[in-house]
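Visitor: Sharing a structure here in structure tokens format.
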Amino acid sequence: MAEGRLKRVAKRWVAPWRPRLMPDLLVIGAQKAGTSALFDMLVKHPAIVPPARKELGFFSDDTAYARGWSHYLQQLPLRPLRGRGWRTLDATPSYLAHPRAAERIRHHLPDVRLVAVLRDPVKRAYSDWNMFRQLQDHPVNAHLHDPRSFEEAMQQELTMPLERTHYLQRGCYAPQLERYIGLFPKDRLLLFTYPNFKKDPEGVVRAILEHMGLEMPRFDAPLREVRSNVRPYAEGIAPDMEERLRVFYAPHLAQLADLLGGMPDLDERSGH
């Protein structure tokens, strides 16, 4: 018993002086594009030590960022006492859309590697709305509940300046990616699409691990069995509203194609 207490005291005494693991990888977005499942898959790797939670949010939360770098460090895992080659990551999908996140990341983590998963912006908006729609009885986030129907929310946002919208602007990927492309070397950013991730999660995870300098391990169960934040939808998008949204996003997708040198395969209209 005394030996156990001594070990616990020693651990508490040593912990403040142990170095923290710096993120080797940031999953920057997009929101509602499978980043929770991707995080859960990546942290199955034996060399990856997960942070306190999936979304640390430091670079896209102005209040958290104002608390300083030490606030972020406290949320990162301690470097294990034994072994080498340990890694960690931060998967906060709001980093992609936040106007200052890329600059902040470049300042603090200039050598970090980045991953973004892009989703059909119409489906992304609908999934995002569904998440906020279901927060009514949430013990912490009930104040974020969106009582509007999807059509009501979109009708309002389609008449607003884009920068003031919640759902629509997050699907305008070109200016979001431009901020990162302008600040980081081209080979530092990996881009995937949500349909590609759904079809071949093992291939996406393998590519990301290689991006981090890690080998693909043998997992206990197939990665496609990982399910994170999966919510059933009571109904689909009304066809006329879907068409209006596709007309709205058409020039934004053309801008994305110009930026990337071709249109990524975002089509998932066969399902939600």
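Visitor: Looking at the chain, what % of its DSSP beta bridges pair antiparallel, to the nearest 5?
Guide: 5
Visitor: For a quick check: with amide H placed at 1.01 Å from N, whose amide H comes under 5 Å from D120's, ignoring anything fewer than 5 positions away on the same chain?
Guide: Placed amide hydrogens put Y194 under 5 Å from D120.
Visitor: Can you work out the FRET efficiency for the pair D111 and W86, with r the C-beta to C-beta distance and R0 = 22 Å, to the nearest 0.05?
Guide: 0.85
Visitor: Still on this model: In nanometres, what is the gap between the two model label sites at T63 and M22, each 7 Å from Cα along Cα-to-Cβ?
Guide: 2.9
Visitor: What full-extension length gain, to one decimal in nm, is calculated for H138 and D187 as 0.36 nm per residue of separation minus the Cα-Cα distance?
Guide: Here the answer is 13.6 nm.
Visitor: Using only the Cα atoms, what convex hull volume per residue in Å³ does the chain have?
Guide: Each residue corresponds to 168 Å³ of Cα convex hull volume.
Visitor: Rounded to the nearest 10 degrees, what's the angle between the helix 2-14 long axis and the longest principal axis of the chain, both from Cα atoms, 0 to 90?
Guide: For helix 2-14, the angle is close to 60 degrees.
Visitor: Right, next: What is the spin-label model distance, in nm, from D200 to L158 if the labels are put 7 Å beyond Cα along the C-beta direction?
Guide: Computed distance between label sites D200 and L158 equals 3.6 nm.
Visitor: If you don't mind, another one. Provide the per-residue ³J(HN,Hα) series for segment 256-267, in order, calculated from phi with Karplus coefficients 6.51, -1.76, 1.60 and θ = phi - 60°, each as a whole number of Hz, with x at glycine and proline positions.
Guide: Rounded to whole hertz, the list is 5, 4, 4, 5, 8, x, x, 7, x, 7, 9, 5.
None of the figures in this text is laboratory data; all of them are computed from the coordinates on show. Since we're looking at a predicted model, the values are computed, not measured. All Cβ positions, glycine included, derive from the backbone under ideal geometry; neighbour counts span all protein chains shown.
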